[in-house]
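Right, one structure below, let's go through it.
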Amino acid sequence: MKNKLLTLCLFVAFWGAASAQQELTPPKFNGADVEYFMRRLVGEFEKVAVERRIPAAGISPRVAVAFKVDSTGGVSEWRFRDNASEGRDRTDLPAASDATREAMTEAFSRLKGWMPAVDAEGCKTDYTLRLTLRLPVEKIVRKQDPDPLLFLGEDPGKSFYAWAYDRLRYDERFKNAGGVVHVRFYVEPDGKITIGDVAKSPDERLTKEVIRVIRNSRGKWTPRKVRGVPQRTAYELRMNFIPEGH
């Protein structure tokens, strides 16, 4: 009986144009339809992106992929589709970013459980899936930093530099001393400040002045939180000092 069924399947597979056009039942993922798999794939991508802390600018909002589920349920020929692809793989989408490709490939590798497509004769057969996915960029960013670091209740990028600039004492003591001072520091979970390292400075006196201002910002920071738990967070300040007359 098994040999007869195998012969029938082989006959159907090579039957020609009429056979190629007969209706197929698409592959199923863990017993569910392809739409369920797409939701799972996007969900896994979200997890990978959060784990790797991929910035929003590094995530492509839409991505197209293709792969084959063969007659045994195995998966192969995983690839990305874009406006440079050929044939049926071609889409109007630009190429996905490298970070998106790496994270999506990792997400895909985590999902197992395909059941092969079945043709009208009840024979398992190969089937190529071509999917276009919309990625939840904003949701991913919110999960990475659900409670962002704040200074005086605002985005530090907008508030901290202005606050620090107003408090710098760049007077006659620093005559002819100028250039960029770049200091890395940490906002601790309790809001205190720990100086990290000086990445760049033209003058030790300017370094000390910038560090003095940074230390005086303690108590004005709201630490970043993850799942409600305050986190130690790195931050950087760059100040450009221009001597009078230059």
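The values are calculated or read from the model by the stated rules, or taken from the named source; none is laboratory data. Being a predicted model, the structure only gives us computed values, none of them experimental. Note: ideal-geometry Cβ built from the backbone for every residue, glycine included; neighbour counts use all protein chains shown. Just so you know, the surface numbers come from the protein's heavy atoms only, side chains and all, with ligands and any DNA or RNA stripped out. Shrake-Rupley method; radii C 1.70, N 1.55, O 1.52, S 1.80 Å.
For the reader, a short list of remarks on this structure follows.
- When the helices (runs of 4 or more DSSP H) confined to the stretch 1-85 are screened for residues that are modelled with pLDDT under 85 and not basic (Lys, Arg), those reaching at least 3 such residues are found at 2-13, 17-20.
- If you go through the stretch 223-246 and keep only what is within 35 Å of the chain's Cα centre (by Cα), open to solvent by 60 Å² or more (accessible area, probe 1.4 Å) and farther than 16 Å from TYR161 by Cα, you end up with LYS225, ARG227, VAL229, ARG232.
- Cβ-Cβ under 6 Å pairs, at least 6 apart or on other chains, the stretch 55-70 side polar (S, T, N, Q), far side open to solvent by less than 20 Å² (accessible area, probe 1.4 Å) and outside any loop (DSSP other than H, G, I, E, B): SER60/THR100
- Check on THR72, under 20 Å from LYS28 (Cα atoms), among the polar types (S, T, N, Q) and open to solvent by 20 Å² or more (accessible area, probe 1.4 Å): yes
- Tally, over the stretch 182-194, of residues that are in a strand (DSSP E or B) and either closer than 11 Å to ARG218 by Cβ or of a type in the set (Ser, Thr, Tyr) (or both): 5
- Residue pairs whose Cβ atoms lie under 9 Å apart, sitting 6 or more positions apart in sequence or on different chains, and linking a residue in the stretch 210-233 that is closer than 18 Å to ASP197 by Cβ and in contact (Cβ under 8 Å) with a residue 60 or more places away in the chain to a partner that is surrounded by fewer than 18 Cβ atoms within 10 Å (Cβ to Cβ) and basic (Lys, Arg), are SER217/ARG167.
- For the stretch 130-140, the criterion of being open to solvent by 60 Å² or more (accessible area, probe 1.4 Å), over 25 Å from the mean Cα position of the chain (by Cα) and not small (Gly, Ala, Ser) is satisfied by no residue at all.
- From the options SER97, SER109, SER60, residue that is buried (at least 17 other Cβ atoms within 10 Å of the Cβ), within 17 Å of the chain's Cα centre (by Cα) and polar (S, T, N, Q): SER60
- The stretch 112-125, subset hydrophobic (A, V, I, L, M, F, W, C) and open to solvent by 50 Å² or more (accessible area, probe 1.4 Å), residue farthest from GLY74 (Cα to Cα): ALA120
- Counting only residues that are in contact with a helix residue (DSSP H, G or I) (Cβ under 9 Å, 6 or more places away or on another chain), in a helix (DSSP H, G or I) and not β-branched (Val, Ile, Thr), the stretch 131-155 holds 4 of them.
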